[in-house]
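The structure appears below as structure tokens.
The values are calculated or read from the model by the stated rules, or taken from the named source; none is laboratory data. Bear in mind the structure is a predicted one, so any value in this text is a computation, not a measurement. No Cβ is skipped: glycine too gets one built from the backbone with ideal geometry, and neighbour counts run over all protein chains shown. These accessible areas exclude ligands, DNA and RNA; they are computed on the full protein's heavy atoms, side chains included. Shrake-Rupley method; radii C 1.70, N 1.55, O 1.52, S 1.80 Å.
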Amino acid sequence: MTHTSTAQAAARDLLTTLTGTAPQGIWSAPGRVNLIGEHTDYNEGFVLPFAIQHRTYAAASPREDGRIRVASTFADEPVEVSLDDLGRLFPTPAGKAPAVPEWSAYVLGVAWAMRALAPTPAEHGADIAIASDVPVGAGLSSSAAIEGAVASALDELWQLNLDPVTLAQIGRRAENEAVGAPTGIMDQMASMLGLPDAATFLDCRTLETRSVPTGFTAEHLELLVIDTQVKHSHSTGGYRERRASCEQGAELLGIRSLRDAGVEDLPRAADLMDDVTLRRVRHVITENQRVLDTVDALATQGPRAVGDLLVASHASMRDDFEISVPELDLAVETALAHGAIGARMTGGGFGGAAIALIEHASVASVSDAVARAFSDAGFAAPHIFTVQPSGGPRRDA
Ligand code: GLA
């Protein structure tokens with residue numbers, strides 16, 4: 001008997017309730033954790049994420065009336081539109097909320113972006129039901145997981161046979177233009193190209209990838225995720241502002257993107273920009289270097305050599321990029337004080353999760369120490385679990 005996750009069963013049941021018949025298929029895609037390389041993706045730099053075992057499921061059946069109907073275990077009501085109307089709904093104007101409930105914009109946005117790239121016959125439509133075991137708002141890319149599951153489902157239902165990088169680009173377009181979150185390509189690529197035993201090194205300019213074995217298991221190490229339960233959103237506020245500062249910094253340096261600058265450019269940058277912009281730029285430039293150093297250290301010295309790089313990455317996000325929050329700092333400090341090899345916040349920041357690289361034998365003691373520190377500080381109880389590199393999208397049923 002094969003294992004059926006609760007979320008997979010929930011997606012199947014929801015679709016069956018919606019349409020009165022069992023789905024034609026169920027597809028899923030993973031969330032991700034980022035080992036290192038934060039806010040470097042939209043600067044055309046480097047990242048080192050891996051897909052995790054938590055997945056989002058899309059149960060789906062084709063329709064022949066040119067309509068798309070989506071339901072989710074997160075919402076009371078399904079949303080239904082004609083595919084022709086998608087062109088009137090999207091793109092969502094910058095800084096505005098989508099014209100449909102936000103959760104449905106991830107799904108409808110994928111259908112819209114897919115049709116823009118690979119026109120389908122007018123009568124093609126779909127019924128889709130979503131359920132997920134990727135924690136939402138935790139910085140583990142629940143959104144990329146939805147996009148990946150839906151893109152995989154529609155690709156097969158509409159017989160498009162698009163390659164994984166194209167599906168990742170479709171997911172990113174849905175997120176940027178339908179949901180209105182000005183994010184980079186890391187999350188969709190990490191989800192689409194997930195591997196069962198390695199991280200994915202991604203050059204966000206060329207979209208070239210390389211599999212990088214983490215070596216965690218052989219060294220008896222675990223990657224602990226500490227979800228602070230502080231919810232964040234990248235559609236508004238800080239994320240957009242950070243991105244604008246990076247673009248301004250690149251312009252002042254006279255380069256296409258911060259990818260084209262190195263640590264040797266920092267003295268020149270100091271003469272060209274205000275202190276805040278300089279610190280934003282310094283984070284991105286040094287973080288790109290830390291990603292390259294991490295890839296190198298993993299290959300030549302093994303995972304125990306990356307601790308200082310993770311710690312330096314966190315300090316840079318806390319002090320220069322200013323995207324950490326007290327809960328993330330406490331998670332990192334407590335994990336380090338209890339023997340973690342390295343720790344940092346992961347994802348876009350302003351909430352979400354921290355990661356800690358720890359000995360397999362100290363999972364319980366570090367988890368307990370962090371939970372206690374949160375309770376002592378009066379913070380909400382964190383959700384703490386380990387993650388393992390996992391495969392990308394697949395058809396489950
Ligand atoms: C979010 C975005 C990504 C990336 C990270 C920060 O996860 O979706 O594109 O910018 O933040 O590294």
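In the range 209-220 there is at least one residue that is more than 15 Å from the ligand (Cβ to nearest atom) and of a type in the set (Lys, Arg). Away from the ligand (no atom under 13 Å from the Cβ), among the polar types (S, T, N, Q) and not assigned by TED's automatic domain parsing to the domain that holds residue 330, is that true of residue 206? Yes; evaluated as a whole, the condition is true for this residue.
From the list 212, 284, 230, 225, the lone residue that is part of a helix (DSSP H, G or I) and among the β-branched types (Val, Ile, Thr) is 284. Of all residues in the range 349-387 being in a helix (DSSP H, G or I), open to solvent by 60 Å² or more (accessible area, probe 1.4 Å) and touching a residue at least 60 places away in the same chain (Cβ under 8 Å), which is nearest to residue 34 (Cα to Cα)? The residue in question is 360. Just to be sure before I move on: is residue 32 more than 21 Å from residue 294 (Cβ to Cβ) and assigned by TED's automatic domain parsing to the domain that holds residue 198 in the structure I sent? Here the answer is no, as residue 32 does not meet what is asked. Criterion applied to 202, 140 was being assigned to a strand (DSSP E or B) and buried (at least 24 other Cβ atoms within 10 Å of the Cβ), and the one residue passing it is 202.
Free of Cβ contacts under 8 Å to residues at least 40 places away in the same chain, touching an Asp or Glu at 6+ places or on another chain (Cβ under 9 Å) and not small (Gly, Ala, Ser): does that describe residue 101? Here the answer is yes, as residue 101 does meet what is asked. Selection of first residues in the range 181-209 that are of a type in the set (Lys, Arg) and of second residues that are assigned to a loop (DSSP other than H, G, I, E, B) and open to solvent by less than 40 Å² (accessible area, probe 1.4 Å), restricted to Cβ pairs under 8 Å at least 6 apart or on distinct chains, gives the following pairs, ordered by first then second residue: 205/44; 205/45; 205/257.
Only one entry of 279, 242 meets the criterion of being in a helix (DSSP H, G or I), of a type in the set (Lys, Arg), in the same structural domain as residue 320 (by TED's automatic domain parsing) and more than 16 Å from the ligand (Cβ to nearest atom), and that entry is 279. If you filter the range 22-54 down to residues that are under 20 Å from residue 104 (Cα atoms) and open to solvent by less than 10 Å² (accessible area, probe 1.4 Å), you find that the one that is nearest to the ligand (Cβ to nearest atom) is 31. Once the range 245-267 is narrowed to residues that are in a helix (DSSP H, G or I) and either at pLDDT below 95 or touching a Leu at 6+ places or on another chain (Cβ under 7 Å) (or both), the residue that is nearest to residue 176 (Cα to Cα) is 246. When 279, 256, 268 are checked against the criterion of being touching a residue at least 60 places away in the same chain (Cβ under 8 Å) and either within 18 Å of residue 202 (Cβ to Cβ) or open to solvent by 20 Å² or more (accessible area, probe 1.4 Å) (or both), a single residue qualifies: 256.
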